[in-house]
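Reading through the structure tokens given below for one structure.
The values are calculated or read from the model by the stated rules, or taken from the named source; none is laboratory data. Small disclaimer: the values here were computed from a predicted structure and weren't measured. Cβ atoms come from the backbone with ideal geometry, glycine included; neighbour counts cover every protein chain shown.
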Amino acid sequence: MSGGPLGGRMSRRLVLLLAVTCAVAVGNLYFPQALGPLIASGLDVSPEAATLVVTATQIGYTAGMVLLVPLGDRFRHRTLLVVLLTLTGLALLGAGCAPALPPLVAAGALVGLTTVAAQIIGPLVAGLVAPDRRGAVLGTLLSGSTGGMLLARTFSGTLGEWLGWRAPYLVAAVVSLTLAAVLAYAVPVTSPSASAARHSYPALLAEPLRLLRAEPELRRSCLYQATAFAGFSAVWTSLSLLLTGPAYGLGAQAVGLLALVGGATMLCTPLAGRLVDRHGPGPVNLISLLAVLASAAVLVAGAGGGPAGLAALTVGTLLLDIAMQSGMVANQTRVYALRPDARSRLNTAYMTCSYLGGTAGSWLGVRAHTAFGWPAVCAVLALLAAVALVRHLVPRRGAAPPAPAGGPGTPARPRAGTPHARGAGR
């Protein structure tokens, strides 16, 4: 791949390296999910007890989002990335050598806490790349994260069956430590934010809440992503109940095979990023939310079972995956343009709202399916998309009108990510 400049101090080779880093960091969250039975037999514990490893990793990641990601504004990104990846590698090494379940659970929590590199890389890239290329590069990074999420379970399950449950942890440790060494030389030096340096650590942790109150466009992006991710989580949490129920009678592995269809989003998110660069985040948000609504209409046909129902589930989940991830590119591009001196704190607020939405969506989806069946899950998805669409389409008092599209006789449209384009593209 060419090393030509993308703008600022980014190169295509560096973008690829950072996308791989995102894949590894996100993959560390997901690969333990396939190891539960192997851990249970290897450590002579119950399968239910073995799931504590996954739970601890997820709890650690949530804590890392709140406690560590805001430090991206306080310290140089390269230093922070190298330290976090090194700590992740050491925690993975400790997990792979754990003699019993309690040390493994503790190591898993440390893995989750420190494997937040993808949330540090986004603000880093937003500061290095030219504004008119920001969406495309963020889309490429999101493709890496998606690939890590999809491939991690396959990697760990296959390697674990072959060499035992410790092998995936040890291999992941080597990969994380190697990336730390490479990034120590490959990532350009960036200057920390002067505004962050003035805050104490407790005040820095409180900044995301203050930014949510102060920045309407941050609240807007948080609403869009929280509703989309809530619907996404409702569908995928309930899908296993549908596929293993009487309508289909399939095994749990059918959900995993269906999830692989989402790999197509790896090709679509860079395209969504280029559309954001060309037209602004607003139009991409609109298309994404309409696509979420359309996916609900397609997915409801999956309640009938049979080949036609399975085809509807395949098409509907693919459309939902693409819509959710494309909207995320648009939202992150808008968020990173708000306050260049506070991008990590903005990202903490944005991602925390997104994960809270996903958690609420999982809860809603299971209860809707239990009470009323699969059509109710699709109704929840449609309702959540409608809430975001109303916010998008109904003008707010005092809102600036959309910027005109470039063309003969009209002013050139501001580039996405510039201050004049923050509210554009509704």
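List the helices (runs of 4 or more DSSP H) that sit entirely inside region 233-340 and contain at least 2 residues that are over 20 Å from Leu384 (Cβ atoms) and outside the structural domain of Ala386 (by TED's automatic domain parsing).
Values: elements: 253-260, 265-279, 281-299, 306-336.
So the answer is none; nothing clears 2.
What about Leu35, is it at pLDDT 90 or above and in the same structural domain as Leu17 (by TED's automatic domain parsing)?
On the way: at pLDDT 90 or above: no; in the same structural domain as Leu17 (by TED's automatic domain parsing): yes.
No.
Conditions tested, residue by residue: (1) among the small types (Gly, Ala, Ser); (2) without any contact (Cβ under 8 Å) to a residue 60 or more places away in the chain; (3) buried (at least 20 other Cβ atoms within 10 Å of the Cβ); (4) not in a helix (DSSP H, G or I).
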position: Val54; (1), (2), (3), (4): no, yes, yes, no
position: Ile59; (1), (2), (3), (4): no, yes, no, no
position: Thr79; (1), (2), (3), (4): no, yes, no, no
position: Leu85; (1), (2), (3), (4): no, no, yes, no
position: Gly89; (1), (2), (3), (4): yes, no, yes, no
position: Leu92; (1), (2), (3), (4): no, no, yes, no
position: Gly112; (1), (2), (3), (4): yes, no, yes, no
position: Arg133; (1), (2), (3), (4): no, no, yes, no
position: Ala136; (1), (2), (3), (4): yes, no, yes, no
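Going through Ser240, Ser233 one at a time, which residue ends up being without any contact (Cβ under 8 Å) to a residue 40 or more places away in the chain, closer than 14 Å to Gly365 by Cβ and among the hydroxyl-bearing types (Ser, Thr, Tyr)? So that I can check it myself, show each step before the final result.
Numbers: Ser233 fails: without any contact (Cβ under 8 Å) to a residue 40 or more places away in the chain.
Of the residues listed, the single one that is without any contact (Cβ under 8 Å) to a residue 40 or more places away in the chain, closer than 14 Å to Gly365 by Cβ and among the hydroxyl-bearing types (Ser, Thr, Tyr) is Ser240.
Select, from Glu207, Glu217, the only residue that is modelled with pLDDT of 85 or more, over 23 Å from His392 (Cβ atoms) and among the acidic types (Asp, Glu).
Of the residues listed, the single one that is modelled with pLDDT of 85 or more, over 23 Å from His392 (Cβ atoms) and among the acidic types (Asp, Glu) is Glu207.
Check Ala126, Ala106, Ala167 and return the single one that is in contact with a helix residue (DSSP H, G or I) (Cβ under 8 Å, 6 or more places away or on another chain) and within 27 Å of Leu267 (Cα to Cα). Before you say what the answer is, go through the steps one by one.
On the way: Ala106 fails: within 27 Å of Leu267 (Cα to Cα); Ala167 fails: within 27 Å of Leu267 (Cα to Cα).
Residue meeting the stated conditions: Ala126.
Of the residues that sit in region 179-232 and are in a helix (DSSP H, G or I) and hydroxyl-bearing (Ser, Thr, Tyr), which one is surrounded by the fewest Cβ atoms within 10 Å (Cβ to Cβ)?
As a first pass, look at region 179-232 and keep what is in a helix (DSSP H, G or I): 179-186, 194-197, 201-214, 216-232.
Narrowing further to those that are hydroxyl-bearing (Ser, Thr, Tyr): 185, 195, 201, 221, 224, 227.
Details: Tyr185: 8, Ser195: 15, Tyr201: 11, Ser221: 28, Tyr224: 28, Thr227: 26.
Result: Tyr185.
Of Thr244, Thr190, which residue is within 27 Å of Ala19 (Cα to Cα) and at pLDDT below 85? Give the steps one after another, and end with the answer.
Values: Thr244 fails: within 27 Å of Ala19 (Cα to Cα).
When all the criteria are applied, what remains is Thr190.
Criterion first (touching a helix residue (DSSP H, G or I) at 6+ places or on another chain (Cβ under 6 Å), at pLDDT below 90 and surrounded by fewer than 18 Cβ atoms within 10 Å (Cβ to Cβ)) does Gly263 satisfy it?
On the way: touching a helix residue (DSSP H, G or I) at 6+ places or on another chain (Cβ under 6 Å): yes; at pLDDT below 90: yes; surrounded by fewer than 18 Cβ atoms within 10 Å (Cβ to Cβ): yes.
For Gly263, the condition - touching a helix residue (DSSP H, G or I) at 6+ places or on another chain (Cβ under 6 Å), at pLDDT below 90 and surrounded by fewer than 18 Cβ atoms within 10 Å (Cβ to Cβ) - is met.
Which one of Ser288, Ser344 is closer than 18 Å to Trp236 by Cβ and either touching a residue at least 24 places away in the same chain (Cβ under 8 Å) or acidic (Asp, Glu) (or both)?
It is Ser288.
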